[in-house]
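Chemist: Before anything else, here's the structure in question.
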Amino acid sequence: MKKLFSNIKGDAFGGITAGIVALPLALAFGVSSGLGPSAGLYGAIFISFFAALFGGTSTQISGPTAPMTAVSMVVVAGIVAANDGDLSKALPAILTVFLLAGLFQIGLGLIGLGKYIRYIPYPVVSGFMTAIGVIILLTQILPSVGYYPKEDTEFVNTFKPQAQEVILENILKDEAKEGILVLENFEETTIRGGKITAEEIETESQTLAAKETSGALGAIKAFPRAIQNINLLELLLALGTIIIIYGFKRITTKIPSTLVALVVMSGVAVGFSLDYRTIQEIPSGIPEIRWEIFSGFTLSSLTPYIFTALTLALLGAIDSLLTSVVADNMTKTKHKPNKELVGQGIGNSIAALFGGIPGAGATIRTVVNINAGGKTKLSGMIAGVMLLIIMLGLGPVASKIPAAVLAGILITVGIGVMDYKGLKAIPSLPKDMKIGPFKVSSEVLIMIVVLILSTFWNLVYAVGIGLVIASLMFMKKIGDLTAERSNVKTLKEEAWSDEIDFPDSLKEEVFIKHIKGPLFFGSTSDFQALSEQIPDTAKTVIMRLGRMQYMDQTGLYAMEDMLQDLKTKNIEVLFVNLLKQPRYMMERIDIIPDFIPKEHIFKSFDECTAWIKQSLKTNTKIV
């Protein structure tokens with residue numbers, strides 16, 4: 001507690017500054033998610049406060065971030081579409097997914113997975129981050145030109161026939177649940193169908209229009225109509241915002257250019273009484289717990305989104321811990337990764353209970369906090385309190401912010417979040433694999449696959465596919481290297497330093513196998529051919545295992561098969577310098593002592609050769 005208040009002045013200035021920087025981004029991310037600006041503010045308030053209080057990085061400022069919002073946007077759109085476009089009906093399921101993601105994060109921290117996050121390959125992260133930027137850019141072009149598909153009457157009318165079909169299908173589903181035998185008696189169906197109103201058809205048509213134009217691919221489909229229906233005022237507001245954000249940075253970086261753009265462009269819109277589109281109204285009262293999360297909870301509605309919640313948790317973990325590393329480098333401290341995950345999980349869980357979108361450690365806000373003097377957890381907590389005060393005092397004022405201004409802010413966020421370092425490296429990365437006649441870089445291939453799949457298909461599955469491809473490629477490379485360096489050769493052709501003085505009379509009868517590296521499922525194909533490589537003159541094979549640190553189950557059975565083949569050929573196998581883990585594995589299935597008696601396991605090559613000489617002398621095999 002004493003340490004918490006050891007830097008009150010610096011933490012207060014850092015927290016207030018970070019909170020001000022977070023304000024426009026929180027509003028923008030909330031709008032982008034589909035839940036409205038208040039959801040972004042609630043997320044920023046609660047995640048910032050509780051992640052700082054319980055987390056493991058003293059200077060971390062947390063809140064909604066671009067990657068988390070992009071995934072949240074997919075979650076929101078999917079659940080809303082499954083609930084006939086009714087956000088209020090879908091909200092309990094949406095917030096339950098966000099709550100579950102927070103609980104998953106707590107679990108990841110408690111079981112100690114924080115330290116393993118760093119093993120996610122860079123090409124996967126690079127492709128994902130660039131995809132996030134592309135998605136944000138594409139989805140924000142429509143609001144930046146003032147085009148909203150649901151309000152385009154001509155476009156919406158094209159969905160009315162489909163809307164009627166959907167409504168009738170829903171009637172049939174309802175009747176099936178009620179036990180009405182609709183196939184035998186359509187009287188009730190006819191009655192209910194006759195009660196369908198024009199308003200219901202219009203609402204369903206708007207839902208279908210919004211669904212058709214959602215996401216990056218949907219935005220591209222809507223571009224032609226958006227260009228035909230540009231609202232010049234909305235476009236000018238968005239362009240003015242972008243120009244100020246980039247232009248003001250050239251004047252000074254001490255004042256957040258995003259905040260300046262928000263204030264200036266909103267002031268212009270309000271001051272000149274322009275006919276612009278505002279963001280959704282922001283409640284000015286204290287946020288209330290969304291009890292419908294629990295009262296409306298059903299396992300069947302949540303089951304399809306468990307993997308999505310886990311992905312949100314993992315993404316938030318990666319996002320937060322990368323920011324923690326940045327904070328460590330700036331402050332010369334060391335964060336606690338597992339504690340940080342627990343703190344982020346608590347913050348996201350509480351934010352979900354109050355209707356907030358999920359978030360993570362935010363790099364820019366953390367850097368601002370440190371540069372402004374923040375040193376302890378108090379700074380992050382003050383940032384959350386600062387945002388709460390702004391919401392309570394300025395909620396009605398903030399509700400007048402133009403939607404196009406937030407779209408402009410998000411466009412700059414989309415441009416900034418892309419991984420330009422990874423993109424610039426594409427031409428220089430080695431082309432280490434062939435696809436047909438073309439040579440390509442495996443890392444570039446992974447990045448592009450993740451980028452394309454994330455942008456135009458599914459963020460969640462794209463990351464999983466990227467990880468699988470990266471893992472398979474890594475295992476192939478390790479397997480190739482292991483096989484390349486562990487060929488079976490006679491001592492006459494290849495000898496280590498302690499093998500040079502081996503008796504010439506034995507060099508055609510004794511062969512050696514050098515295993516250099518782990519024997520696992522990626523390296524067993526060549527190993528299995530060992531028995532075929534041994535010529536008929538061989539009587540003994542010495543296996544030098546001092547560099548085989550690890551053996552998995554696939555490698556274990558490959559070893560067993562090889563020993564069985566050699567045994568049928570009456571070839572004796574000797575082990576030299578067998579390490580602890582492989583020995584334990586071989587003892588579990590009785591390779592030792594069934595195939596390799598303990599007296600055939602030697603600590604050194606000299607001991608092994610001495611045994612061979614003595615054994616052959618005993619059997620009078622030495623000439």
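The values are calculated or read from the model by the stated rules, or taken from the named source; none is laboratory data. What you are looking at is a predicted structure, and each value in this text was computed from that prediction instead of being measured. Cβ atoms come from the backbone with ideal geometry, glycine included; neighbour counts cover every protein chain shown.
Chemist: So Ile20 fits all but one of (1) crowded, with 24+ Cβ neighbours inside 10 Å; (2) over 22 Å from the mean Cα position of the chain (by Cα); (3) part of a helix (DSSP H, G or I); what number is the exception?
Modeler: Condition not satisfied by Ile20: (1).
Chemist: Looking for whichever is among the small types (Gly, Ala, Ser) and modelled with pLDDT of 85 or more here; the options are Gly422, Gly408. Which one fits?
Modeler: Gly408 is the lone residue from the list that is among the small types (Gly, Ala, Ser) and modelled with pLDDT of 85 or more.
Chemist: Looking at Pro161, is it surrounded by 20 or more Cβ atoms within 10 Å (Cβ to Cβ) and either modelled with pLDDT of 80 or more or touching a Phe, Trp or Tyr at 6+ places or on another chain (Cβ under 9 Å) (or both)?
Modeler: No: the conditions fail for Pro161.
Chemist: Kindly indicate whether Ile94 is in the same structural domain as Tyr305 (by TED's automatic domain parsing) and at pLDDT 85 or above.
Modeler: Answer is yes for this residue.
Chemist: Same structure again: Of the residues that make up region 580-589, is at least one closer than 22 Å to Pro518 by Cβ, of a type in the set (A, V, I, L, M, F, W, C), in contact with a strand residue (DSSP E or B) (Cβ under 7 Å, 6 or more places away or on another chain) and touching a residue at least 12 places away in the same chain (Cβ under 8 Å)?
Modeler: Taking every residue of region 580-589 in turn, at least one turns out to be closer than 22 Å to Pro518 by Cβ, of a type in the set (A, V, I, L, M, F, W, C), in contact with a strand residue (DSSP E or B) (Cβ under 7 Å, 6 or more places away or on another chain) and touching a residue at least 12 places away in the same chain (Cβ under 8 Å).
Chemist: Still on this structure, please answer the following. State which residue is nearest to the chain's Cα centre (by Cα) when the search covers only region 257-292 and only residues that are surrounded by fewer than 18 Cβ atoms within 10 Å (Cβ to Cβ) and of a type in the set (D, E, K, R).
Modeler: Glu292
Chemist: Next question, about the same structure. When region 329-358 is examined, which residues are found to be assigned to a helix (DSSP H, G or I) and modelled with pLDDT under 85?
Modeler: Restricting attention to region 329-358, the residues satisfying the condition of being assigned to a helix (DSSP H, G or I) are 329-331, 337-353.
Answer for region 329-358, where residues must be assigned to a helix (DSSP H, G or I) and modelled with pLDDT under 85: Asn329, Met330, Thr331.
Chemist: Further question on the same structure: Taking the criterion of being more than 12 Å from Phe50 (Cα to Cα) and out of contact with any Leu (no Cβ under 6 Å at 6 or more places or on another chain), would at least one residue in region 344-354 satisfy it?
Modeler: Taking region 344-354 and keeping what is more than 12 Å from Phe50 (Cα to Cα), we get 352-354.
This time we only want the ones that are out of contact with any Leu (no Cβ under 6 Å at 6 or more places or on another chain), so: 353-354.
Yes, there is a match, as at least one residue in region 344-354 is more than 12 Å from Phe50 (Cα to Cα) and out of contact with any Leu (no Cβ under 6 Å at 6 or more places or on another chain).
Chemist: Given the structure, is Gly146 over 30 Å from Leu232 (Cα atoms), at pLDDT 70 or above and assigned to a loop (DSSP other than H, G, I, E, B)? Don't jump to the end; show me each part of the working.
Modeler: Working: over 30 Å from Leu232 (Cα atoms): no; at pLDDT 70 or above: yes; assigned to a loop (DSSP other than H, G, I, E, B): yes.
In short, no.
Chemist: State yes or no: is Leu394 out of contact with any Gly (no Cβ under 9 Å at 6 or more places or on another chain), aliphatic (A, V, I, L, M) and at negative phi?
Modeler: yes
Chemist: Moving on to the next point. In region 27-42, is there at least one residue being of a type in the set (S, T, N, Q) and under 14 Å from Ser320 (Cα atoms)? Walk me through how you get there before you give the answer.
Modeler: Taking region 27-42 first, the residues of a type in the set (S, T, N, Q) are 32-33, 38.
Filter once more, keeping what is under 14 Å from Ser320 (Cα atoms): none.
The answer is no, given that none of the residues of region 27-42 is of a type in the set (S, T, N, Q) and under 14 Å from Ser320 (Cα atoms).
Chemist: Can you tell me which residue among Gly393, Gly436 is exposed (fewer than 13 other Cβ atoms within 10 Å of the Cβ) and either at pLDDT 90 or above or farther than 30 Å from Leu472 by Cβ (or both)?
Modeler: It is Gly393.
Chemist: Let me ask something additional. Could you please give the count of residues in region 439-464 that are over 24 Å from Pro143 (Cβ atoms) and surrounded by 14 or more Cβ atoms within 10 Å (Cβ to Cβ)? Let's see the steps before the verdict.
Modeler: Applying the first criterion (over 24 Å from Pro143 (Cβ atoms)) to region 439-464 yields 439-450, 452-453, 460-464.
This time we only want the ones that are surrounded by 14 or more Cβ atoms within 10 Å (Cβ to Cβ), so: 440-450, 452-453, 460-464.
So the answer is 18.
Chemist: I'd like to verify a number: residues in region 522-535 that are part of a loop (DSSP other than H, G, I, E, B) and modelled with pLDDT under 70, how many?
Modeler: 4
Chemist: Restricted to region 553-606, and to residues that are among the aromatic types (Phe, Trp, Tyr) and part of a helix (DSSP H, G or I), which residue is surrounded by the fewest Cβ atoms within 10 Å (Cβ to Cβ)?
Modeler: So the residue we want is Tyr584.
Chemist: Another question, if that's okay. Give Ser38, Ser88, Ser58 a once-over and let me know the one that is over 21 Å from the mean Cα position of the chain (by Cα), part of a loop (DSSP other than H, G, I, E, B) and of a type in the set (S, T, N, Q). I'd like the intermediate steps shown before the answer.
Modeler: On the way: Ser38 fails: part of a loop (DSSP other than H, G, I, E, B); Ser88 fails: part of a loop (DSSP other than H, G, I, E, B).
The unique qualifying residue is Ser58.
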